[in-house]
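Peer 1: This is the structure I want to talk about, given as structure tokens.
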Amino acid sequence: MLALASALTTTAGGYLLVLAIILPVIGILLSLVIGGRHAERIALALMPVGFGIALAIAIEIWRTGKPLVYILGGWTPPLGIALRADGFSAVMLVTAALVVPAAGYFARANFQTPQGQFEARAPLAFWTLLQALWAALNIVFLGGDLFNLYVALELLTFAAVPLVCLDGRPETLIAALRYLLFALFGSVFYLLGVALLYGTYGTLDIVLLSARVRAEPAVYVAAGLMTAGLLAKTALFPLHLWLPPAHANAPAPASAVLSALVVKGSFFLIVRLWFDVLPALTIEAATSILATLGAAAILFGSILALRQERLKLLIAYSTVAQIGYLFLMFPLATGGHPWSADAWNGGVLQVLSHAFAKAAMFLAAGLVAESLGHDRISDLRGLGRAMPMTVFAFGLGGLSLMGLPPSGGFAAKWLLVKASVESGQWLWAVVMLAGGLLAGGYVYRVLAPALANGSTPLETRKSTSRSREAIALALAFVAVLLGLAPAGFFTFLQIGRSAAMAGLQ
Amino acid sequence: MSTIADVFTVVAICTGSFFFMAGTVGLLRFPDALTRLHALTKADNLGLGLIVLGLLPQADGMLGALKLIAVWALVQLAGATVAQLIAHALLRKRPPT
Amino acid sequence: MTVLQALDIGLAALVLAVAGWTIVAREAFAAVVGYVAYGLLLSLVWVRLFAVDVALTEAAIGSGVTGVLLISAAARLRKTEAPATDERLGAPLRLLAGTVCAVVAAALAAVVLLMPDPGSTLAPEAAQHLAETGLGNPITAVLISYRAFDTMLEKVVLILAVIGVWSLAPDRYWGGAPGPQRVARHEGALAFLAQLLAPLGIVVGVHIFWVGADEPGGAFQGGAILAAMWMIVMMARLVEAPSISALWLRLTLVAGPVVFLAIGVLGFAVASGFLTYPTGFAKPLILFIEAFMTLSIAATLPMLVMGPPSRPPRP
Amino acid sequence: MSTAILAGLTGAALIGLGLYGLITHPHPLRKILAFNLLGSGVFLIFGIIARKGAAAGFAADPVPQAMVITGIVVAFSATALAVALLLRLVQETGRTTLRPDAPAKPPDAGADA
């Protein structure tokens, strides 16, 4: 929590937060009006600018060591709305600014407007919705007002759902409709919690709320409702049913963004809620429930991933499992103990490394499906010789999922295991180790046939472009490099967090 | 004067409500769609007309009275059109099995 | 118990009864018709809560436009109902679901009863700054000034919904028009209604947008009425649904958020930052934004109701 | 009992009803309908909070009222998107089931539009 006064005034550089949001919004509006193949050009042209803005925000926070704040319309909360960026926000902004453009440049081959046609359905929808996803994520990361975040969540849903069924096959339509129903359930519950908080405290500003919240019945009910709603959107076991078909059936670049970023958007809000809005409400029972569900997700998701016959479904179930790890941070990082900061850093690092690793794996799987015409795991024999770069990218991503050194996944899980041992909560450590073994199992299931030599060379339908393979590989490298994050990176992550919460006495 | 107006209002609204009630009973009790439609439109138009008539003396000013009459006219228009459409749809569907 | 209280209790009972009907009704069509009635009853509840702006929105959008959408969907889905009933959950699961829902409802009821009265409020703050916006209707002030960012983003949500709905068209229909094919036969009565109602409705819609600055009403309510008028003349086949590639349609759809965003960004230069209005110019700027938003809503709602394009573009 | 409390209890009951319909109805259109019921219950909760916040000469706090207006419009857009998805699904398959195992089509490359 920031000092109250400084959280309610615009800081130098605060305008960057506005730019980060309105840039993709301008892109959406322009793309729809000008239309045709210009939608693609506008989206791709704005991406480097958006990356620059995200980087500038991170540098500004690093330089000043303080969060950035912008008061919208000049109306100070509680009446108005504030945008705020702390270290965590900045890191997420930069992650989105890397993964979205990667998916965008990768998707140029999938979503080109055909020659001789001014405008086509799938390209226009894809390029506008991709920008919309980015805008929505940036608002989620920067929003300082719970109702504004509700609008952001809806924006995210409306951008994500149509991406799932862009190719119009029946199974994608079913997946999209299920996704939409789960997401709507999630946002309406979130909104109900927002109503109760407003009714009790007369503000929805995160910083003002955190100063006013006390442990009382309305707050417990609100916290329960909002968490349940956000869990449905994050697809935590047992509310994960919508995720595998949606993520596995979407076009590869869309899957990459959905798995890497969209589920993290609602997770980000759960972290905001429990660590920033409701620190007065550290309930051991609640954090244990979250972690138990997380543990179940790790085991259940991994075992189902082991049994899938299609590569993209395997990766989607692995997302279910990897989301589980995120929730282990709740019992470990609350309470301001000596190990809390480690656990929090571990959780955030898991968010980041999974984002890059999973984006790389979905893009790699997309390349495999395009060049083979299928993604049946049993028929991948000899793939390593045909598409070495793609298989390498998949393998590096898998390294991070398993938590093997040196990788971001290893550093994240190491921090979490360390915290669970120090806090005496051994159970979580055991689950994490088991999850790592299972992840090794499902990654091996893909790599073993891919690296084996087939009796006949694998027939590819079309050759893959080197640059698209390079995009997947670059993302996988980032996931690995996160394992070498220096101590300064973790100091940066803690900017804007209260000393008490961070466990720094 | 105002007492007479009030009595008029009460009587008109009660009569109007009675027609609404009769229309509703018709809707529930009549055997097929066309007769039900008949009961509804006839009774509701009359019922609403009487209620609006009863409220006119209570309206504050000319504008208020005009608005009440506009409400009545709009409902008449919509009711008549919808009744026509439903009847058309029914005729097209015939013979019912 | 006063008469008003008795009426309140009667209204609440009626709302719940109709709501229950929409859940238990055997046929989807009947349930949807119940839902439209439910929406109108709910508008009365909003009037009783002294929220006339919300009552207007609920009647126009929550009940009216949503009703048209759901009724036409229910009519088209009649044949699919019988197979779906085979998938009903078993009794134990339904019992479990019922228990969970009852617990949620009971917890909420308890919170409602425990909530302090008078409760927390931002009404004094909203009133205090109302003069700076030049408006008389505090709700319009919240929507276009205090929380302008929400409203602008919500316009973007509407545009995404349109893109999402359009993206569900088969490829060959892209660039075509939504809605059913034009048929030779005219529904005389409907055409008559549309001819009579549309001019009137347009006047009422513009009026409601205009008075929204000071009295109940505003861009949402006025725009919804204009949208209804456009839908009725399209339903009566007096005008054709536009091609989704028509430049004027695209421009109308984005006009609201574009003007909102442009004036917001202008605030960096001429006022004290994003979405701020220069002193003394707040009211005209707010009305300017609202005018374009009304236009955009009037175009967006019918596009959402009509669904994806359903015929190939004309050469 | 005040109007506000009564409306709040009605809202709570509507939320329960809507949630029940959303979970138990197999037909997606009925789920969409139940979602709208659930949403209107949530808006009523906002409504009583607004009414209890009557102050400064306003009969109700304008801030929650503005949020409800935003919410109604968003709920309508969501309904429109869901209905469009459902109608397309029925057009393609003739059925409305949401079971993931329903259409038995061979998996294909699927990545391209």
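Values in this text are rule-based calculations from the coordinates and carry no lab data. All values reported here derive from a predicted model rather than from experimental measurement. Neighbour counts run over all protein chains shown; Cβ positions are idealised from the backbone, glycine included.
Peer 1: In whole Hz, what ³J(HN,Hα) sequence does segment B:71-80 give by Karplus (6.51, -1.76, 1.60; θ = phi - 60°), x for Gly and Pro?
Peer 2: 4, 4, 4, 5, 5, 3, 4, 5, x, 4
Peer 1: Across peptide C:59-68, how many C-beta atoms of other chains are within 10 Å of each residue C-beta, on average?
Peer 2: That average works out to 4.
Peer 1: Residue by residue through segment A:132-138, which ³J(HN,Hα) values in whole Hz follow from phi under the Karplus form 6.51 cos²θ - 1.76 cosθ + 1.60 (θ = phi - 60°), with glycine and proline marked x?
Peer 2: 5, 4, 5, 4, 4, 4, 4
Peer 1: Okay, moving on. Work out the count of Lys pairs in chain A where the Cα-Cα distance is under 23 Å, with the pair 8 or more places apart or on different chains.
Peer 2: The number of close lysine pairs in chain A is 9.
Peer 1: If packing is taken as the average count of other Cβ atoms within 10 Å, what order do D:71-79, C:2-10 fall into, highest mean first?
Peer 2: Packing proxy ranking, top to bottom: D:71-79, C:2-10.
Peer 1: Then there is this: Take chain C, mark every one of the GluC sites (Glu not before Pro) that falls in a DSSP loop and has at most 14 other Cβ within 10 Å, then report the longest stretch left between them, sites excluded.
Peer 2: After excluding every exposed loop site, the longest remaining stretch is C:88-239.
Peer 1: While we're on this one: Could you run the Karplus curve 6.51 cos²θ - 1.76 cosθ + 1.60 with θ = phi - 60° over segment C:152-166 and give me ³J(HN,Hα) per residue in whole Hz, x for Gly and Pro?
Peer 2: Listing the rounded values in order: 5, 5, 5, 5, 5, 4, 4, 5, 4, 4, 4, 4, x, 5, 4 Hz.
Peer 1: With just the Cα atoms defining each centre, how far is segment C:106-166 from segment A:27-64? Give it in Å.
Peer 2: Centre-to-centre (Cα) distance: 29 Å.
Peer 1: Follow-up question, since we're still on this one. Arrange A:38, A:337, D:25 by Cβ neighbour counts within 10 Å, fewest through most, would you? Please list the in-between numbers first.
Peer 2: Details: A:38 18, A:337 15, D:25 22.
The order, fewest Cβ neighbours first, is A:337, A:38, D:25.
Peer 1: Also: Just want the ordering: D:95, C:172, from fewest to most Cβ atoms lying within 10 Å of their own Cβ.
Peer 2: Working: D:95 17, C:172 12.
Going from sparsest to densest Cβ surroundings: C:172, D:95.
Peer 1: Helix A:146-164 versus the longest principal axis of chain A: what angle, 0 to 90°, nearest 10, using Cα atoms?
Peer 2: It is inclined by approximately 10 degrees.
Peer 1: Something else now. Could you give the distance between the Cα centres of segment A:316-348 and segment C:237-300, to the whole Å?
Peer 2: 44 Å
Peer 1: Take every residue in peptide A:175-186, count the Cβ atoms of other chains within 10 Å of its Cβ, and give the average of those counts.
Peer 2: If you average over the peptide's residues, the count of other-chain Cβ atoms is 6.
Peer 1: Can you list the lysines whose alpha carbon is less than 30 Å from that of residue C:283, not counting same-chain residues fewer than 8 positions off?
Peer 2: Hits, sequence-local ones excluded: B:67, C:155, D:52.
Peer 1: Let me ask something else. Please compute the modelled spin-label separation between residue A:285 and residue B:42, points set 7 Å along Cα→Cβ, answer in nm with one decimal.
Peer 2: Placing both labels 7 Å along Cα→Cβ, they lie 6.4 nm apart.
Peer 1: Residues in segment C:32-50, backbone N under 16 Å from the label point at residue C:2 (7 Å along the Cα-to-beta-carbon vector): list them, ranges by number please.
Peer 2: C:48-50, by backbone N distance to the label point.
Peer 1: Inside 10 Å of the C-beta atoms of C:17-30, what's the mean count of C-beta atoms belonging to other chains?
Peer 2: 3
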